[in-house]
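Structure first, then comments.
The values are calculated or read from the model by the stated rules, or taken from the named source; none is laboratory data. A quick note: this is a predicted structure, and the numbers were derived from the prediction, not measured. Neighbour counts are summed over all protein chains in view; Cβ atoms, including those assigned to glycine, are modelled from backbone coordinates with ideal geometry. Keep in mind that these areas ignore ligands, DNA and RNA; they rest on the heavy atoms of the full protein, side chains included. Shrake-Rupley method; radii C 1.70, N 1.55, O 1.52, S 1.80 Å.
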Amino acid sequence: MRIAIFHGTMGSPQGNWFPWLARGLTARGHDVSVPILPTPEGQNLQNWIAATQQQISDLEKVNILVGHSCGASFIPHLIAALNLRPRLCVMVSPFSGPLGYPDYDTLNQTFFLKEHELCKIGSLSEGTKTTKETAEERTADGNLRPTRFVIFHGDNDPYVPLDQARAIAEGLEGDLVIIPGGGHLNAEFGYTTLP
């Protein structure tokens, strides 16, 4: 399997639980990419898409997308912009709109997820694919395999309200997993692993 992991605002591939996840997946024989995304300088949706395309070849062949915070909110935009069809998207502590932190809201504004955009992305995951398909993208009855979205969120995240994660899960028709006492599910809250 090919897997991409996306860090968040003011983050890096070396932060939080990203190295732990990348090592574990690589040890199991998976091809793992953790691109360096421009932040805070040059942080916007178009620059992150360009950086991802430069660092990950054949993005349409990536099976699983994993992201934290802004990296999680980036995933639906990436899918829509490039018409991707990953099998699974794991979104950890995503946001859909302003958080009330002006410095972060300015950096994150191009990553906000509006309800109609989420519904469009959710329907894209079940629609017709325009890029080359592989046999594993079809179910036994010949239909295109839909993308599965799983959203993890702490019940006490001080930065991203749980309501935003609920809205994202609903819009994408994804599964919401609430972690009691998880905070923002990052190193600040003890998450250098995310089993």
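Annotation: of all residues in the range 39-78 being among the small types (Gly, Ala, Ser) and touching a residue at least 12 places away in the same chain (Cβ under 8 Å), the one that is farthest from residue 96 (Cα to Cα) is 51. Within the range 144-195, the only residue that satisfies the criterion of being within 23 Å of residue 98 (Cβ to Cβ), without any contact (Cβ under 8 Å) to a residue 60 or more places away in the chain, within 14 Å of the chain's Cα centre (by Cα) and open to solvent by 40 Å² or more (accessible area, probe 1.4 Å) is 176. In a residue-by-residue description of the range 55-71, the property of being closer than 26 Å to residue 146 by Cα, surrounded by fewer than 14 Cβ atoms within 10 Å (Cβ to Cβ), at pLDDT below 95 and out of contact with any Cys (no Cβ under 9 Å at 6 or more places or on another chain) applies to no position. Taking the criterion of being at pLDDT 55 or above, open to solvent by 20 Å² or more (accessible area, probe 1.4 Å) and small (Gly, Ala, Ser), the residues of the range 90-139 that qualify are 96, 100, 123.
Quick one: residue 80 ticks every box in (1) open to solvent by 40 Å² or more (accessible area, probe 1.4 Å); (2) modelled with pLDDT of 95 or more bar one, so which box is it? Only one criterion in (1) open to solvent by 40 Å² or more (accessible area, probe 1.4 Å); (2) modelled with pLDDT of 95 or more is unmet by residue 80, namely (2). Please verify whether the range 17-38 includes one or more residues that are touching a Phe, Trp or Tyr at 6+ places or on another chain (Cβ under 6 Å), surrounded by 16 or more Cβ atoms within 10 Å (Cβ to Cβ) and within 25 Å of residue 162 (Cα to Cα). Yes: the range 17-38 contains one or more residues that are touching a Phe, Trp or Tyr at 6+ places or on another chain (Cβ under 6 Å), surrounded by 16 or more Cβ atoms within 10 Å (Cβ to Cβ) and within 25 Å of residue 162 (Cα to Cα).
With respect to residue 40, is the statement that it is in contact with a Leu (Cβ under 9 Å, 6 or more places away or on another chain) and either more than 29 Å from residue 106 (Cα to Cα) or not β-branched (Val, Ile, Thr) (or both) true? Against the criterion (in contact with a Leu (Cβ under 9 Å, 6 or more places away or on another chain) and either more than 29 Å from residue 106 (Cα to Cα) or not β-branched (Val, Ile, Thr) (or both)), residue 40 qualifies.
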